[in-house]
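A short reminder: the numbers here are calculations on the coordinates, not readings from a lab. Computed from a predicted model, the values in this text were never measured in an experiment. A quick note on method: Cβ atoms are made from the backbone with ideal geometry, for glycine too, and the neighbour counts reach across all protein chains shown.
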Amino acid sequence: MTNETQPNPLRSVYTSNFPNILEAFGISLAVSTYQAGRVILVRREQNGGLNTHFRNFHKPMGIAADHATGRLTIGGANTVWYYRNMAAVARKLEPPDQHDAAFLPRQIHVTGDIDIHEMAYAADGRLWLVNTKFCTLCTLDPDHSFTPVWRPHFVTALAPQDRCHLNGLCMVNGVPTYVTALGETDTPGGWRENKKNGGIFMDVARNEILLRGLSMPHSPRIYNNRLWVLESGQGTLAQVDLPAQTWHTVAQMPGFTRGIDFIGPLAFIGLSQVRESAVFSGIPLVERLQERTCGVWVVNIQTGETIAFLRFEEGVQEIFAVQIVPARFPEMLEWGDKLLMTSYVIPDEALADVPKFEAPH
């Protein structure tokens, strides 16, 4: 076990192989924690250690990445923040020759308080959001807070009442295909009455419930032609068998599982401690474990074995999203960063009019 000590209250420990796993795949992670108000870039340092780089946001939750265009988008309390990777800026960062990506803020969209959960980019480039407060899938445009496109058939009105706690979104071939919710309910906060096993898995196009009886499901995903879901109330990763209308546990972890991304045979899974409260009382995980863990667990999906982990010791108790970033040591500039004052991104056609400056001798 290798330890990394950080200034309190943000302290973590990690298995010695975690940085090497990131290096082997040439990746880093973006992890959101709404409770701590941070997006964490998890990166391997040049000395072989693990670096957890914290950026401040107001209640960050969903993270959407479009690797083809270099977009990284964060959903917050009442805002969506749009970032773009600018490789030329990465080369200007200190220390020299370390950063291979630099995500710069491009714009902000104000949604109002809609309790944004998962987000994803579609094949046509549109951003889709799970609008949990209004129980709807929505898109964004410059003229509106949000545009509702779909909601479960049993939710009879567009109202800010969190009737079913719609939360997870799975894209298949760039199309919103599956969602998860914590209840088949149509009253304000009605899902709370049967949170232990009232969770559902739905088909978007057919607006049909495919699975019932899940324990607080989150993060549905398609990977390697298999369908996955985190059964958060159990603290597990499960594989879904739609023809048989069932699911089976692949791995069990010591925390509330929420947020996942895949590469090779591995899944990076977010774990939250979930304190004793009215929301989380009575769920199987709390009954199974008196103490829960917060961090990122690395699981071999072929064997179900945990092969590495990053555990937060202080300051961070809740994880929402875990997103792979295809860069070894990225930076995410905050809105007040001085470098933004002198970083200009213009169309390629305009570059012909920019004079070439020579470095002073």
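Being aromatic (Phe, Trp, Tyr) and touching a residue at least 60 places away in the same chain (Cβ under 8 Å) is the filter here, so list the residues in the stretch 53-94 that pass it.
Our first condition is that a residue be aromatic (Phe, Trp, Tyr); within the stretch 53-94, this holds for 54, 57, 81-83.
Tyr83 - this is the single residue of the stretch 53-94 that is aromatic (Phe, Trp, Tyr) and touching a residue at least 60 places away in the same chain (Cβ under 8 Å).
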Before we move on, is Val274 in a loop (DSSP other than H, G, I, E, B), crowded, with 23+ Cβ neighbours inside 10 Å and either among the β-branched types (Val, Ile, Thr) or out of contact with any Ser or Thr (no Cβ under 8 Å at 6 or more places or on another chain) (or both)?
-> yes
Return the residue satisfying two criteria in turn: it lies in the stretch 69-112 and is assigned to a loop (DSSP other than H, G, I, E, B) and touching a Pro at 6+ places or on another chain (Cβ under 8 Å), and of such residues it is farthest from Thr177 (Cα to Cα).
-> His99
Pick from Arg292, Arg258, Arg221, Arg288: which is among the charged types (D, E, K, R) and surrounded by fewer than 15 Cβ atoms within 10 Å (Cβ to Cβ)?
-> Arg288
Which one of Val204, Val130 is in contact with a Ser or Thr (Cβ under 6 Å, 6 or more places away or on another chain), among the β-branched types (Val, Ile, Thr), within 30 Å of Tyr83 (Cα to Cα) and touching a residue at least 60 places away in the same chain (Cβ under 8 Å)?
-> Val204
If we keep only residues of the stretch 184-204 that are touching a strand residue (DSSP E or B) at 6+ places or on another chain (Cβ under 7 Å) and in a loop (DSSP other than H, G, I, E, B), then the residue surrounded by the fewest Cβ atoms within 10 Å (Cβ to Cβ) is Asn197
Any residue in the stretch 62-69 that is of a type in the set (A, V, I, L, M), within 22 Å of the chain's Cα centre (by Cα), loosely packed, with under 13 Cβ neighbours inside 10 Å and under 18 Å from Tyr121 (Cα atoms)?
-> yes
Scanning the stretch 163-183 for residues that are surrounded by fewer than 17 Cβ atoms within 10 Å (Cβ to Cβ) and outside any strand (DSSP E or B), the one farthest from the chain's Cα centre (by Cα) turns out to be Asn173
